[in-house]
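The values are calculated or read from the model by the stated rules, or taken from the named source; none is laboratory data. Small disclaimer: the values here were computed from a predicted structure and weren't measured. Neighbour counts are summed over all protein chains in view; Cβ atoms, including those assigned to glycine, are modelled from backbone coordinates with ideal geometry. Note: accessible area is taken over every heavy atom of the protein model, side chains too, but ligands, DNA and RNA are not part of it. Shrake-Rupley method; radii C 1.70, N 1.55, O 1.52, S 1.80 Å.
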Amino acid sequence: MTTRDLTMAMIFFLQTTVGVLGNFSVFYYYLFLYLTGYKLRCTDLILKYLTVANLLVIFSKGIPQTMASFGLTHFLDDFGCKLVFFVHRVGRDVTIGSTCLLAVFQVIMLSPGDSRWAQLKIKAPKYVGTSNIFCWVLNIVRSIVVPFHLIDKRNNINITKKIDHDYCYAISYDKIAESFYVPLLLSHDGFCLGLMLWASGSMVFILHSHKQRVQYIRRNNLSPRSSPESRATRRILVLACFFLSLWMLSSIFHMCLSVFNNSSLWLRNTSTLLTMCFPTLSPYILMRHDPRVSTLYSAWIRKQNPLNLS
């Protein structure tokens with residue numbers, strides 16, 4: 001292995017490890033909340049499904065890519081290639097769909113009681129589970145065609161258009177079918193992204209309006225800390241910009257991989273790193289901005305240091 005190959009292998013290994021630890025930490029966090037009797041929010045169920053989807057992406061993309069970077073490029077047979085890419089496609093699409101659902105349910109629950117969303121705000125928690133199941137079923141059905149376009153690297157089939165994914169080949173049999181599938185894929189992603197941006201913008205507007213209404217209460221407040229509404233608005237903008245940036249970059253690199261048959265190693269590695277960024281970092285962002293985490297941590301510190309009065 002060259003120094004460059006070893007460096008990329010260690011980067012993929014580190015990214016995969018960080019992602020697995022982060023998402024399992026979210027699982028442990030919700031298990032702890034359940035066992036200690038904390039009342040869960042309706043959006044917590046969406047976050048659980050999002051964590052599962054994140055792990056599917058990490059296991060199906062991060063682990064095989066790490067092994068390939070260490071020089072193990074023929075460890076999957078034909079069935080393994082089809083299964084790994086099918087799981088990755090389902091996990092990726094469910095991640096996008098779950099993030100979209102999270103934004104939509106947040107804006108519904110955040111809306112004022114006298115708004116047009118008032119009735120939906122009451123009924124929304126009942127449909128969280130159904131919406132998640134529908135998201136999974138829809139994306140599983142959409143991903144059924146993926147295995148038909150994958151072969152293992154030991155297969156010597158002669159195909160003109162063949163995209164090298166280091167440990168498997170993606171092939172194209174029919175240009176007409178591909179011309180329909182690619183726009184379908186992009187339209188799904190674009191719809192979810194547009195809906196999430198609309199929901200995020202609506203939340204920013206609602207929080208800003210609320211801040212305007214209660215501003216007179218804080219007019220004599222000389223504290224340099226920003227208001228809870230301002231902090232929540234920044235969190236929404238950070239998550240929206242983070243998702244938007246990664247989605248745009250990932251889509252650009254994915255299209256480049258589809259256009260160029262013999263894409264460079266740098267292009268493939270960069271595309272994989274971008275694909276793994278959101279599943280890897282999103283659990284840390286969610287835990288960082290969940291006030292219950294700091295509350296539980298403070299309680300744990302007080303339990304460990306009962307004589308510490310500070």
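Being open to solvent by 70 Å² or more (accessible area, probe 1.4 Å) and at pLDDT below 70 is the requirement here; does SER298 meet it? No. Only one entry of SER264, SER251, SER271 meets the criterion of being open to solvent by less than 80 Å² (accessible area, probe 1.4 Å) and at pLDDT 75 or above, and that entry is SER271. Annotation note: of LEU40, LEU47, the sole residue that is in contact with a Leu (Cβ under 9 Å, 6 or more places away or on another chain), without any contact (Cβ under 8 Å) to a residue 60 or more places away in the chain and either closer than 11 Å to TYR167 by Cβ or not polar (S, T, N, Q) (or both) is LEU40. Candidates in region 160-182 are the residues that are open to solvent by less than 30 Å² (accessible area, probe 1.4 Å) and either in a strand (DSSP E or B) or out of contact with any Leu (no Cβ under 9 Å at 6 or more places or on another chain) (or both); of these, the one that is modelled with the lowest pLDDT is SER172.
Listed here are the residues, each with its yes/no results for (1) surrounded by 13 or more Cβ atoms within 10 Å (Cβ to Cβ); (2) under 21 Å from the mean Cα position of the chain (by Cα).
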| site | (1), (2) |
| --- | --- |
| ASP93 | yes, yes |
| SER98 | yes, yes |
| VAL104 | yes, yes |
| SER111 | yes, no |
| LYS123 | no, no |
| VAL128 | yes, yes |
| TRP136 | yes, yes |
| ARG142 | yes, yes |
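If you go through region 66-78 and keep only what is open to solvent by 20 Å² or more (accessible area, probe 1.4 Å) and within 23 Å of VAL52 (Cβ to Cβ), you end up with MET67, LEU76.
Of all the criteria given as (1) of a type outside the set (Gly, Ala, Ser); (2) under 24 Å from SER202 (Cα atoms); (3) modelled with pLDDT of 85 or more, the one not satisfied by VAL141 is (2). Have a look at ILE140, ILE133, ILE122, ILE151 and point out the one that is part of a helix (DSSP H, G or I) and farther than 20 Å from PHE191 by Cβ. Of ILE140, ILE133, ILE122, ILE151, the one residue that is part of a helix (DSSP H, G or I) and farther than 20 Å from PHE191 by Cβ is ILE122.
Taken together, the criteria exclude CYS241 from residues that are under 19 Å from LEU47 (Cα atoms) and modelled with pLDDT of 80 or more.
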